[in-house]
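Colleague: Shown below is the structure under consideration.
Read-outs throughout are calculated quantities, based only on the coordinates presented, and are distinct from any laboratory measurement. Keep in mind that what you see is a predicted model, and the values were worked out from it rather than measured. Cβ: placed from backbone, ideal geometry, glycine included. Neighbour counts: every protein chain shown.
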Amino acid sequence: MQPTVKAFFDDATNTVSYVVSDPTTRACAVIDSVLDYDAAAARTDTASADRIIHYVRQEQLRCAWVLETHVHADHVSAAPYIRDALGGKVGIGAHIRTVQTTFGRIFNIGPEFSRDGKQFDQLFEEGDQFQIGDLTAHVLHTPGHTPACLTYVVEKAAFVGDTLFMPDYGTARADFPGGDARTLYRSVQKLYALDDDTTLFLCHDYLPEGREAHQWETSVGEQKRHNIHIHEGVSEEAFVQMREKRDATLGMPALILPSIQINMRAGHFPPAEDNGTHYLKLPLNQF
Ligand SMILES: [Fe+2]
């Protein structure tokens, strides 16, 4: 039995969200949802999340899980909004505690922000299994892009977050606080140990030159043969050198500051101040 996978592409952030469902029991998981964010106005909107909610209702699916592959730095998560609308448990990697500790310090947040991951319903470790109806999902810890990155393997479909991009685009950056190119290389080897015909569902596509349409679906075999950064035969040293050199040229993602402050709180805004307004911080000269 294989899952039904429905992808939702967000043009504003190049993010792909997924609804993975069990055709037998109609249980589903929503992976990496997007809360729209207008940076100039600091205004959120639910149009993208509402498309997912509409699909789940239309298909009469029962939402069992609202999953994050990692704390995203490029878009705000709609996990709490999705859970309030559809139910389900919000899950992320147990190493979220490391991310919360690192960014709790960077944003100088007091002890009211707990760094134990309790804002999430479920913290997953390497090797954990869970059910989406009759489908069994396996958890792989695939750090490197961030310390808490997970891959969710649902039968022959793997949701890899930001480890690999399409073969013609390569890999994710590994220079955020807690990221590491060598660790990313080893995580990719873990993915390459899956069967060649495992379908990989990516979290982003940035449309490299020479390609007309966004793509987010590939396979382990394709990646091993054609990934421009890590195909079979690329050594760890060569990858690390390439990745670090390239990362040194990249600017910060436009939404990193709002995204991390909200996403490390499981998609909740920082507590409102006494006038009822939620505020985000901008640490100067820290990134
Ligand atoms: Fe990411």
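Colleague: What does a probe at A7 reach in the stretch 142-179, counting residues whose amide N is under 18 Å from the point 7 Å along Cα→Cβ?
Modeller: 151-172, by backbone N distance to the label point.
Colleague: Let me ask another. Give the Rg (one decimal place) followed by the Dmax (whole number) of the stretch 184-287, computed from C-alpha coordinates and expressed in Å.
Modeller: For the stretch 184-287, the Cα radius of gyration and maximum Cα-Cα distance read 18.9, 58 Å.
Colleague: Now for a separate question. Under 17 Å between C-alpha atoms is the cut-off here; go through the stretch 4-259 and count lysine pairs that meet it, provided they're at least eight residues apart or on different chains.
Modeller: Going through the stretch 4-259 pair by pair, I get 5.
Colleague: Now for a different question. Please report, in debye to the nearest 20, how large the charge dipole of the stretch 176-287 is about its Cα centre when each Lys and Arg carries +1 at its beta carbon and each Asp and Glu carries -1 there.
Modeller: Dipole magnitude for the stretch 176-287 comes out near 340 debye.
Colleague: Using a Gaussian network model of the chain with C-alpha springs under 10 Å, which one of A174, A272, A85 is most mobile by mean-square fluctuation?
Modeller: A272
Colleague: Follow-up. Hey, how much of the P(r) for the stretch 1-155 falls beyond 24 Å, as a percent of Cα pairs?
Modeller: 34
Colleague: Quick check for me: using +1 on Lys/Arg Cβ and -1 on Asp/Glu Cβ, what's the dipole size of the stretch 126-218 about its Cα centre, in debye to the nearest 20?
Modeller: Computed about the Cα centre, the dipole is about 320 debye.
Colleague: Okay, next question. Select from G87, I53, S33 the residue farthest towards the positive end of the dipole of the stretch 1-102; place +1 on Cβ of Lys and Arg, -1 on Cβ of Asp and Glu, and compute about the Cα centre.
Modeller: Checking the options against the dipole of the stretch 1-102, the answer is G87.
Colleague: Here's a follow-up. Rank D134, D274, D168 by mean-square fluctuation in a GNM of the chain with C-alpha springs under 10 angstrom and give only the top-ranked residue.
Modeller: D274
Colleague: In Å and on Cα atoms, what radius of gyration and Dmax does the chain show?
Modeller: In Å, with Rg to one decimal and Dmax whole: 18.1, 58.
Colleague: Quote the charge dipole size of the chain about the Cα centre in Debye, to the nearest 20; the model charges only the Cβ of Lys and Arg (+1) and of Asp and Glu (-1).
Modeller: Roughly 480 debye, rounded to the nearest 20.
Colleague: Semi-axes of the equivalent ellipsoid for the stretch 135-195, please: Cα gyration tensor eigenvalues, times 5, square-rooted, ordered largest first, whole Å.
Modeller: So the three semi-axes of the stretch 135-195 are 20, 13, 9 Å.
Colleague: Given the Cα-Cα distance of Q122 and D175 and 0.36 nm per residue of separation, how much length would full extension add, in nm?
Modeller: My answer for the length gained is 16.4 nm.
Colleague: Can you work out the PRE-style zone for H278? Point 7 Å along Cα to Cβ, and I want the residues of the stretch 4-42 with backbone N under 12 Å.
Modeller: 35-37
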